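Enquirer: The following block contains the structure, expressed as structure tokens.
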Amino acid sequence: QLVESGGGLVQAGGSLRLSCAASGRTFSSYAMGWLRQAPGKEREFVASIDWRGSTTYYADSVKGRFTISRDNAKNTVYLQMNSLKPEDTAVYYCAASRSRYSTTVTNDYDYWGQGTQVTVSS
């Protein structure tokens, strides 16, 4: 089970930190990702991290502004979002892949959280 938190309303240029708490002893062996879906759009990849936390990938639209990290001792993955823009407004989903390796492919993710809303006002 994956449970996201930390979403909310923020002004453009602001920051938010999303957290995703995972249950189960296999968390540390899974790659993790954050994906988002804006109204009327398809779900898109945002960031991913491998099981050790050593390899990360980012969508071009968030590169340099967002940082994904994980704490396997706490079974938690984070997404630090800085310099937020109105186009970052979406429901953000945490997802886990049984593969150990970081992936940008939405269909590679096997487990999903319920999502948390992020709204950036201009």
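The values are calculated or read from the model by the stated rules, or taken from the named source; none is laboratory data. Everything numeric here is computed off the predicted structure, so don't read it as measured data. Counting neighbours? That spans all protein chains shown, and the Cβs are built from the backbone with ideal geometry, glycine included. Surface accessibility is based on the protein's heavy atoms, side chains included, excluding ligands, DNA and RNA. Shrake-Rupley method; radii C 1.70, N 1.55, O 1.52, S 1.80 Å.
Enquirer: Looking at the stretch 29-44, is at least one residue open to solvent by 40 Å² or more (accessible area, probe 1.4 Å), in contact (Cβ under 8 Å) with a residue 40 or more places away in the chain, outside any loop (DSSP other than H, G, I, E, B) and aromatic (Phe, Trp, Tyr)?
Expert: no
Enquirer: If you check every pair at least six apart or on different chains, which have Cβ atoms under 8 Å apart with a residue in the stretch 99-118 that is in a strand (DSSP E or B) first and a residue that is β-branched (Val, Ile, Thr) second?
Expert: The qualifying pairs are THR116/VAL91; GLN117/VAL91; VAL118/VAL10; VAL118/THR89; VAL118/VAL91.
Enquirer: Here is a follow-up. For the stretch 61-82, how many residues meet the condition of being among the hydroxyl-bearing types (Ser, Thr, Tyr) and part of a loop (DSSP other than H, G, I, E, B)?
Expert: The number of residues fulfilling the criteria is 1.
Enquirer: Here's another thing I want to ask about it. For the stretch 83-98: of the residues being in contact with a Gly (Cβ under 6 Å, 6 or more places away or on another chain) and not in a loop (DSSP other than H, G, I, E, B), which is farthest from ARG36 (Cα to Cα)?
Expert: ALA95
Enquirer: If I filter the stretch 53-60 for residues that are part of a strand (DSSP E or B), among the β-branched types (Val, Ile, Thr), within 15 Å of THR103 (Cβ to Cβ) and in contact (Cβ under 8 Å) with a residue 24 or more places away in the chain, do I get at least one hit? So that I can check it myself, show each step before the final result.
Expert: Going residue by residue through the stretch 53-60, those that are part of a strand (DSSP E or B) are 56-58.
Next, from what is left, pick out any that are among the β-branched types (Val, Ile, Thr): 56.
Those left that are additionally within 15 Å of THR103 (Cβ to Cβ): 56.
Retained after the next criterion (residues that are in contact (Cβ under 8 Å) with a residue 24 or more places away in the chain): 56.
The answer is yes, given that some residue of the stretch 53-60 is part of a strand (DSSP E or B), among the β-branched types (Val, Ile, Thr), within 15 Å of THR103 (Cβ to Cβ) and in contact (Cβ under 8 Å) with a residue 24 or more places away in the chain.
Enquirer: When you check SER5 against the structure, is it in contact (Cβ under 8 Å) with a residue 40 or more places away in the chain and either among the basic types (Lys, Arg) or within 27 Å of SER122 (Cα to Cα) (or both), yes or no?
Expert: So SER5 fits the description; yes.
Enquirer: Does SER15 fit the bill of being touching a residue at least 60 places away in the same chain (Cβ under 8 Å), more than 20 Å from LEU84 (Cβ to Cβ), surrounded by fewer than 17 Cβ atoms within 10 Å (Cβ to Cβ) and among the hydroxyl-bearing types (Ser, Thr, Tyr)?
Expert: no
Enquirer: Another question, if that's okay. When only residues in the stretch 60-93 that are within 21 Å of VAL10 (Cα to Cα) and small (Gly, Ala, Ser) count, which is most open to solvent (accessible area, probe 1.4 Å)?
Expert: So, considering only residues that are within 21 Å of VAL10 (Cα to Cα) and small (Gly, Ala, Ser), the one most open to solvent (accessible area, probe 1.4 Å) is GLY64.
Enquirer: Ok, one more. Would you be able to say whether some residue in the stretch 30-49 is touching a helix residue (DSSP H, G or I) at 6+ places or on another chain (Cβ under 8 Å) and acidic (Asp, Glu)?
Expert: Checking the stretch 30-49: at least one residue is touching a helix residue (DSSP H, G or I) at 6+ places or on another chain (Cβ under 8 Å) and acidic (Asp, Glu).
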